[in-house]
Amino acid sequence: MSDPVPASRRRRFLDIRKPISRRQAVISAIGIWAVFFGIWAGASIGGMVNELLVPAPQKVLVTLYELFAERGFASDVLISILRVLVAFLAASLVAIPLGIMMGSFPAIEGIVNPFVSAWRYLPAPSFIPVLLMWFGTGEAPKLALLFIGVVFFLITLVMDHTRNVRHELVETALTLGASRWVTVRSVIMPAVLPDVVVAMRQMLAVTWTYLVIAEIVASTTGIGAMMMRARRFLHTDEIMAGIIVIGALGLLFDMLFARLHRQLFPYLGEKRR
């Protein structure tokens, strides 16, 4: 008869910083959503919530189907996705090079960081009136609002990650005769790129959180515009359907970014067992 597995080698549910199996991850993900929708359905059936304000999940799912099948909601979804991607791409094109320069050269950080730090504390929705005066009621104010809501935080994240690149790598490159720009391009940028992708993944989620605010700015298209129309007529099921769609899209893009990170930097991944 074999000896029992020592306690120190047994897998426990709450191991500190130990990777879980893919099977456990899938079961946990499905389980938490099943609990959420179960509580929601139970509260609706039991009369614990006002049906007008909190419709049952099955009613929201029926409404979601009707929106896509009968009311052309897919075009609104595609418009919202395009707005998020365009604004986020513009913010990334500005924030990533600037953040790397600030993290690499303290002189640049000393000039730019006080300005960026101040803008981080300004709420993006407060710019709506001036954006409307500057750009009118077209696409520009919506894209500008999404851009402002993300770019300054992304600059700071990239700068912080760049400053955390190991000092030994930089000193070694300079000692071997590399110029400052070669050191930035060939040492600092490859070292910080995995963390930059993580920062982009985090800030893309923030872009989605600003979507509804951006699309109530004189808009007739997009998920947010549909939700605002539904609010006028107290169609809470449509509002909840819009929230579910935004959450699903956010989760999808987060999974795509996680997959991209694993494919670009497989040497950083922890092997699942």
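How big is the dipole moment of segment 1-132 about its Cα centre under a simple scheme where the beta carbon of each Lys and Arg is +1, that of each Asp and Glu is -1, and everything else is neutral? Debye, nearest 20, please.
So the magnitude is around 720 debye.
Explain nothing, just the number: dipole magnitude of segment 18-91 about its Cα centre with +1 on each Lys and Arg Cβ and -1 on each Asp and Glu Cβ, in debye rounded to the nearest 20.
Dipole of segment 18-91, to the nearest 20 debye: 460 debye.
Given bins 10 angstrom wide, list per bin the percent of all Cα-Cα distances in segment 20-169, short to long.
Values per bin, smallest distances first: 9, 21, 21, 27, 17, 5, 0.
Mind checking the dipole of the chain: about its Cα centre, +1 per Lys or Arg Cβ, -1 per Asp or Glu Cβ, Debye to the nearest 20?
960
Sorted by mean Cβ packing within 10 Å, highest first, what order do the peptides 29-36, 176-183 take?
With the highest mean Cβ count within 10 Å placed first, the list reads 176-183, 29-36.
I'd like to compare 189-199, 13-23: which one has the highest average count of other Cβ atoms within 10 Å, and what's the full order after that?
Listed from highest to lowest mean packing, they are 189-199, 13-23.
Tell me, what ³J(HN,Hα) does each residue in segment 24-39 have, in order and in whole Hz, if you take phi through Karplus 6.51 cos²θ - 1.76 cosθ + 1.60 with θ = phi - 60° and put x for Gly and Pro?
In residue order, the calculated couplings are 5, 5, 5, 4, 5, 5, 5, x, 5, 6, 4, 5, 4, 5, x, 5 Hz.
Contact order normalised by length for the chain, with contacts defined as Cα pairs under 8 Å and 6 or more residues apart; what percent is it?
Answer for the chain is 24 percent.
From the phi angles alone, apply the Karplus equation (6.51, -1.76, 1.60; θ = phi - 60°) to segment 196-211 and give each ³J(HN,Hα) in whole Hz, x where the residue is Gly or Pro.
5, 5, 4, 5, 5, 4, 5, 7, 4, 4, 5, 4, 5, 5, 8, 4
Measure out, as a whole number of angstrom, how far apart the alpha-carbon centroids of segment 54-131 and segment 206-248 sit.
If we compute the Cα centre of each part, the gap is 14 Å.
Would you work out if segment 57-268 is rounded, prolate or oblate? Take a ≥ b ≥ c from the square roots of the eigenvalues of the alpha-carbon gyration tensor; rounded if a/c is under 1.5, else prolate when a/b is larger than b/c, oblate otherwise.
Prolate.
For segment 170-175, in order, what is each residue's ³J(HN,Hα) by Karplus, 6.51 cos²θ - 1.76 cosθ + 1.60 with θ = phi - 60°, in whole Hz (x at glycine and Pro)?
5, 4, 5, 4, 5, 5
How large is the translational diffusion coefficient of segment 108-199 in µm² per second when you combine the Kirkwood radius over alpha carbon pairs with Stokes-Einstein at 4 °C and 1.567 mPa s?
In µm²/s, the coefficient is 83.
Kindly put F88, F233, F265 in sequence by how many other C-beta atoms sit within 10 Å of each C-beta, fewest to most.
Fewest-to-most Cβ neighbours within 10 Å comes out as F233, F265, F88.
No lab work stands behind these numbers, since they all come straight from the coordinates. Because the structure is predicted, anything quoted here is derived from the model rather than measured. All Cβ positions, even for glycine, are placed from backbone atoms using ideal geometry, and neighbour counts span all protein chains on display.
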